[in-house]
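Engineer: So that we are looking at the same thing, I have put the structure below in structure tokens.
What follows draws every value from the coordinates through simple rules; no lab data is involved. Keep in mind the model is a prediction, meaning the values are calculated, not measured. Here Cβ is always computed from backbone atoms with ideal geometry, including for glycine, and neighbour counts include all displayed protein chains.
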Amino acid sequence: MAYLIKSYRSLDLVFELNWDRIIYVVVMALSLLAGLYVGSFAPQLSGFDFL
């Protein structure tokens, strides 16, 4: 039981120190996905037929 409590406290400390880095990675991933989504409409909007 003491091991679980110590592990939880360690994990909590790591999360507390690095929460901004986790948010940074999530925001970057969402930005890339949003860019892929918007970019998927670019060939349709440009009027060029590439095939």
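Engineer: How much of the pair distance distribution for the stretch 2-41 lies past 12 Å, counting alpha-carbon pairs only, in percent?
Structural biologist: Working: 526 of 780 pairs.
Above the 12 Å cut-off, the stretch 2-41 has 67 percent of its Cα pairs.
Engineer: Set the Förster distance to 35 Å, then compute FRET efficiency between ALA2 and TYR24 from the Cβ-Cβ distance, nearest 0.05.
Structural biologist: Efficiency, rounded to the nearest 0.05: 0.55.
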